[in-house]
Structure formats: structure tokens, C-alpha cells
1. Cβ under 10 Å from residue B:139's Cβ, residue B:139 left aside: what net charge do those residues give with Lys, Arg +1 and Asp, Glu -1?
2. Could you compute the net charge surrounding residue B:277? Neighbours are other residues with a C-beta less than 15 Å from the C-beta of residue B:277; K and R count +1, D and E count -1.
3. Using a/c under 1.5 as the rounded threshold, could you call the stretch B:171-239 rounded, prolate or oblate? The axes a ≥ b ≥ c are square roots of the C-alpha gyration tensor eigenvalues, and prolate needs a/b larger than b/c, oblate otherwise.
4. For the stretch A:17-55 and the stretch A:126-141, compute the distance between their C-alpha centroids and round to whole Å.
5. Is the shape of the stretch B:234-389 rounded, prolate or oblate, going by the alpha carbon gyration tensor and its root eigenvalues a ≥ b ≥ c, with a/c under 1.5 for rounded and a/b larger than b/c for prolate?
6. Any of A:69/A:163; A:38/A:165; A:13/B:26; A:69/B:170 with alpha carbons more than 29 Å apart? Name them for me.
7. Determine the sum of side-chain charges near residue B:324: Lys and Arg each +1, Asp and Glu each -1, restricted to other residues whose C-beta is under 12 angstrom from that of residue B:324.
8. For a test of the definition: using alpha carbon positions, the gyration tensor, and the 1.5 limit on a/c, classify the stretch A:117-179 as rounded, prolate or oblate.
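Any read-out appearing in this document is the output of simple, stated calculations on the displayed coordinates, not a laboratory observation. Keep in mind the model is a prediction, meaning the values are calculated, not measured. Cβ: placed from backbone, ideal geometry, glycine included. Neighbour counts: every protein chain shown.
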Amino acid sequence: MGEGYIRDTMNKKQIDELMTKVAAGDNAAFARLYEETKRGVYAFAYSYLGNSADAEDVTEEVYFSVKSKAYQYRAGTDARAWLFQIAKNLSLDELRRRKRRPDPLDALPGEPAEAPRLPALDLMTKTLGETEREIVLLHAVWGYKHREIARMTGLPLGTVTWKYKTALEKLRREWEAED
Amino acid sequence: MKKKDFLGQLNEELNDAAPEMSERLKKQPIRTAAPGGEAKPARNANPKPRRRRPIVAAVACAAAAVICSAAVLPLLVRSPAPEAAACLYIDINPSLALTLDGENKVRKAVSCNADGDAIATDSNFVASLVGTDAADAAVKIAERATEGGYFSPVGEGTAESYNQMHVTLKSTEETEAELGEIRGALVEYFCGEGIYVYVEADAETDESARGERDALENRSASYAEWVGAQSAEALTQLTEETAYDYAAELLRDALYKYDLFAEIDALDESIRSDPDNLLGLNYWTVDRNLNDNIRSLAAEAERKLEILYLLYGTDGRTSALAYTTARLAYSASVALADVDALRDLAARGINDESFGGIENIGVRANYFYFVSNDILSELATEIWSGTTSAVENLLSDLGKLISDRAEALSERLSGLLSLPREPIGREDYLEFLRRIGKA
């Protein structure tokens, strides 16, 4: 299993530059920001909510929030962290809303809606705890270094590194067992 | 075909599954900082359907003054209604301010504290207040606060602890009659609902009411957003204060649960040791009609077990075994807590001095062990370790904290609110006022 990032992610400076332009009303910059960060936001939402429909809804809500709060963004701060925090808060909000309402799909007879198959995301959601998922997503999808993750989460660096390693081992074992 | 490695598969899935930008999102305008630094209000072509959105950033408001209560209006105001004649401030703990026109009808509502925002973000509720009589609007807000768990529906109030709300009607003209009508409507509402609430009402006649009205008319409905527009430091302080308020509320609730178990145990012990209870039977098995003492103790134990069930989901109402099992589990979960220290903390109040900083790590550890609330723990860690610094994070976290707290209050008390209550008669209400030293 490969280590490191899934692909070349934009770094903090590049995302910050984009967000600064968005704050000035640059729609093209917003479109670029969306394309560069939507996978990370979606992955995060999916890891909490476990289905693509809710993850898509929350993803869209995150970017609505970005547009409505763009003027508050201060250049030089961490736009990725800001997006990540919004995604987390909105995902938790959705989880709490779910607790208070019955699933409308439960009430409908007939075939369930067609949902895309996402075996890797499902495996991660099923296999890892919340902290492990967060660390894996922050490093492998968002491109944060372990030291940065340690600072964000308040965990010691050694713990972050260890948790990432054991999380990937778990995922590898389960992934190969599904073969 | 060789199976992709996990990260490769994850990459492919995210490429396919992450949604394209919707047309609705594309059309949504970006709120930018206008020249001079003041934000332009957004014109939402397609308002977001699901999450309640914070209301537009504010312009300054004098605010201060004790009471505020008002409905909260979202962005839409600026209607050409007659000039407001007065301001009605309602303070329950949600604090709101209402501006009134010459006929005492509501024009606009604004939140005056963080808890007020929990009501302020409900645009349907706010819209239902506009155009209504001040007394009716005050009752609607009181009703909303009751449903939101801001008044305790149990108990008849003691000198140390009772429900209360405060209204101030500030006008350029004499308004004693209108104030009496507002107070009367509120007392009638609460007595009809069987909830003991002390309603304090004051009238102020002063020309400055006009300026206050104008300031309220021009500021944002959301208190948090208004504070955030002033400075990041002020918003940080508000967020910390709100988090501390929430922490204090959770601690009070946790201590109440701790004491509730102890009170039920004491009642059961009293039943078992009654001289007529020769077999020493417990609450669940004793004949309640054995004598008046046991009848009274059993009734009290039944009430407390009902509260335990409604507030905390622990059902020991009909089975000693169920109660004992739950009791042992709870006792084990708090065995290491220094409860005396927590009572002391609750009495002193939770603030930066008693709870923040490195010197209070032990206090926080004891607290979180006893209260065990994950939502607050996460937010508190960020705030108190200084890692949440960006204004947008604070606004987002504060909004979440406010809505979490409102939801928690509402959920906690919804069961109790559903219990039947007898209306409170005039004599009982007067006795309540005497009991709390207000008559």
C-alpha cells in the first residue's frame, strides 16, 4: 500500500491564495478552490455520514458557507483548516439531525435509490475510529504533515504517526481480505 | 485484474464521487469586504435549504440595558412601517429586543445575547412576531423559551431558586398601562401552563428610547455576528463566555443527576426503615398504603424516579433490579470524581480564572470525567488551548455551541414538559411570590 498523499494536493499557501481571492469576490478562484478541495470535504463528510447522498448535501453546504463567510477570511491563515472545520461541524450537525428524525427512506416502499459503490470509503468508515479516520484523511487526502496534524488535533506527534501507521495496516489487512 | 491498493482505490472513488458544483452554488454570490472594511449583506438568490444560517452581520447597537427580548428578524427588514414608538426588552436568558410602532405592534426583533441567537435564527418564528401586539409577542417568546428548556417545569420555586423573566418597556411616552398588559399576559400564560415564573416588569419613559429604537432597527439580528463584526477579540471573549455558560449548565445538570440518585436512595432507605415495614421491603415491593409516612415517601420516590427517567433515560420506575443496575453503573462511572470540588466550582462559577489555563488542568480533568460531554470537550479544548483563532472558526463554533446547547436543553426537558400540569390559581401564585420574597 502506498504511503503519503493520494495525489499532488495543493499546499497551504496555494489554497490560502485562492481563498484570499475568493474573499475579494473572485468567482473563478472559488471554482478552482472548489475543484481542489471538494474531494477532501466529501471524504470527510462521507466518513461521518456513511452515505453519498448526505455527503453530497453536506459538501454543498460547506461551500455555501464559504461563500457567505468569505469576507471574514484573513489572508495568511489556514484555509484548509477552515474548510475542514466547517465540514466537521456540518457533518456533526447532520448526525444530530438524524437522531431527531426518522429516515424518510425507511417509510418508502420499493427499491432503495441507486447509490454509487464506494468500497474504500465504506471500509474506512467501518474499520477506523473517528480519530484514525481524521488523521488518515488529513494526511492522505488533505495533504497535512503529521506535525501539522499533531498541532491541529492536540495529539502528540508520536501518537499521530503511530495512529496513521496502524490505521493503514488495518485498512490494508481488511482491503486484502475482501479480495 | 490486480486489485488497486487501498489509497489508489480511495483516490479513484473520490474523483468519481465528489460532486460537481451545482448551478445553485454557482449562482450564490460571494460576500465580500466592501471598501472601508464593512461587509456587504449577501443577496441570497437561493437560500440554503437545510442548515439555519447566521444572520447578516450587524451594525452597532447600544444594547446593554438589562432586558432584551425580541423576536429576531433575518435580513429582510427595512419595511416602510410606521415609526416605532418604543422598545421592549425581554430577558429570560435568551435576551431579545423588540421595536414597536405607535400602536404597540412589533416591527423588528433583535437578539441581545448569544442564547438569543438560538431563537433569532428561526425566520418563521420571527416573521410570526412582526405586526403582533407587544403582549402577544412577549407570550410567544415566553412560550418558545419554555419549549426550549429555559424554564424548569418542575417544582414550585424556592427563595434560592426560581424561574424568572424580566421585561422593560422603554418609550418616549408614558406606558404603564401597556406594561401592565404585557406583564399580565405573561403571568396568565405561565399560570395556565402550570409553571411558576416570576415576571418582573419595568417601564422607562425617556427621549433616548428613540435613539435606542433606531440603533436596534439598524443592527444585525444576530448578536454573535454583530460582536464578530466589532473585533475578533470580542468574538473570542463571547465564544469563551458562551462555552463557560454551557459548561456551567452541564455541571449543574450533572450534579442534579448525582443528587437525584442520592435522594432516591435516601427515600428508599426511609421506606425500608419505617417501623411498620417489618420485613424492610423496598420502594418497589412495599405496600404503599401501609401508613401515611410510607405513602408520602413512596409518592416522592415515584416522582423522582419519573424525573430520572424523563431527564436521563434511566428507567428504575417499576423494578428494583433495573434501578440498582443503573445506579451501580452510574456510581462506577463517577467513582473517581471529586464531587465536593465540583460543587465548589459550580458555586464559584466557571470562567477563565476558575477553569481556564494550565493551572486548572486538574479542575478540567475532574470536570470532564464527571460531565463526560464530548461536544463541549472538543470545542473547549480548542478554545482554551488557543488553537481556535480565526474569526470564521469562532463564529462557526459559537453557532454550533449555541444550537447544541439549545438542542440539549430542549431534549432534556421535553419529557418533563409533556407531563400534565395543573394550572396555577391566583392564591398559589401569590404564595409563590411570598415564598421567593417578591410579595
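1. -2
2. Net charge around residue B:277: -3.
3. Cα axes put the stretch B:171-239 in the oblate bin.
4. 18
5. prolate
6. Details: A:69/A:163 34 Å; A:38/A:165 25 Å; A:13/B:26 24 Å; A:69/B:170 35 Å.
In this structure, A:69/A:163; A:69/B:170 exceed 29 Å between Cα atoms.
7. Here the count lands on -1.
8. Verdict is prolate for the stretch A:117-179.
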